[in-house]
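*Asks:* Got a structure here, written out as structure tokens. Questions coming.
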Amino acid sequence: CPPGRPTMTGMYIALEGGDGAGKTTVAARLVELLEEKGDTVVAVREPGGTALGEEIRRLLLHSSDMTPWAEALLFAAQRSQLAAEVIGPALGRGEVVIADRSYYSSLAYQGGGRALDRELVRTINDPRRVAELLILRRDMPRSLHACLTMIYDTLKLLCDEQNWELERMAGELHARLE
């Protein structure tokens with residue numbers, strides 16, 4: 001964070017983890033907290049986030065006979081559209097972008113789960129636009145409080161504690177959650 005400015009500028013944060021790990025819940029709360037702090041925040045979801053992305057999401061969720069490579073290419077297509085239409089412009093304006101999935105999901109699901117060539121999966125997803133902060137949820141959160149504490153601890157590493165009042169924010173957050 002720039003000296004003298006207590007808000008973040010142009011950062012892309014992605015939450016990753018298995019289904020049901022609490023990514024969307026944590027992302028929504030993180031958006032709320034950063035907006036309360038004064039940041040302009042754009043929340044995106046994958047797949048989706050644009051008109052084309054939502055159509056692709058519908059195909060991905062409701063097609064049972066899709067080949068693994070068709071699936072991988074559709075995920076890459078929606079991600080490319082999202083980066084060009086939403087993420088890139090938001091970062092260019094100095095906004096914070098919070099995503100509940102990212103390119104790492106394709107590496108895990110299509111590269112690992114579908115046993116596709118991981119280098120090809122990486123290539124089609126154009127990893128030039130990767131999150132600056134990746135929060136990995138490995139299991140169901142025991143509590144929103146614990147999960148948000150972990151996020152704030154990570155953000156402390158990125159920002160000067162004197163310029164970004166994380167300690168005060170964390171205390172306020174804890175009080176609201178109790």
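*Asks:* Report, by chain and number, residues whose modeled amide H sits under 5 Å from the one on ILE135, excluding near sequence neighbours (fewer than 5 apart, same chain).
*Replies:* HN-HN under 5 Å from ILE135: ALA14, LEU15, GLU16.
*Asks:* To continue, here is another question. Taking only the Cα atoms of segment 39-136, how large is their convex hull per residue, in Å³?
*Replies:* About 94 Å³ per residue, rounded to a whole number.
*Asks:* To continue, here is another question. How big is the accessible area of LEU74 in square angstrom, nearest 10, if you roll a 1.4 angstrom probe over the protein chains?
*Replies:* LEU74 has an accessible surface of roughly 40 Å² with all protein chains in place.
*Asks:* Compute the length gained on full extension between ASP126 and LEU61: take 0.36 nm times their separation in residues and subtract their Cα-Cα distance, giving the result in nm to one decimal.
*Replies:* Length gained, ASP126 through LEU61: 21.1 nm.
*Asks:* Computed FRET efficiency, Cβ-Cβ of ARG93 and ALA115, R0 45 Å: what is it to the nearest 0.05?
*Replies:* Efficiency for this residue pair is about 0.70.
*Asks:* Sticking with this structure for a sec: If the chain between LEU52 and ALA70 were fully stretched, how many nm would it gain, using 0.36 nm times the residue separation less the Cα-Cα distance?
*Replies:* 4.9 nm
*Asks:* Plugging the Kirkwood radius over Cα pairs into Stokes-Einstein for segment 7-87, at a temperature of 4 °C and a viscosity of 1.567 mPa s, what D comes out in µm²/s?
*Replies:* D = 92 µm²/s.
The values are calculated or read from the model by the stated rules, or taken from the named source; none is laboratory data. For clarity, every value in this text was computed on a predicted model and none was experimentally measured. Ideal geometry is used to build each Cβ from the backbone, glycine not excepted, and the neighbour counts take in all protein chains shown. Protein only, heavy atoms only, side chains kept; ligands, DNA and RNA dropped before computing areas. Shrake-Rupley method; radii C 1.70, N 1.55, O 1.52, S 1.80 Å.
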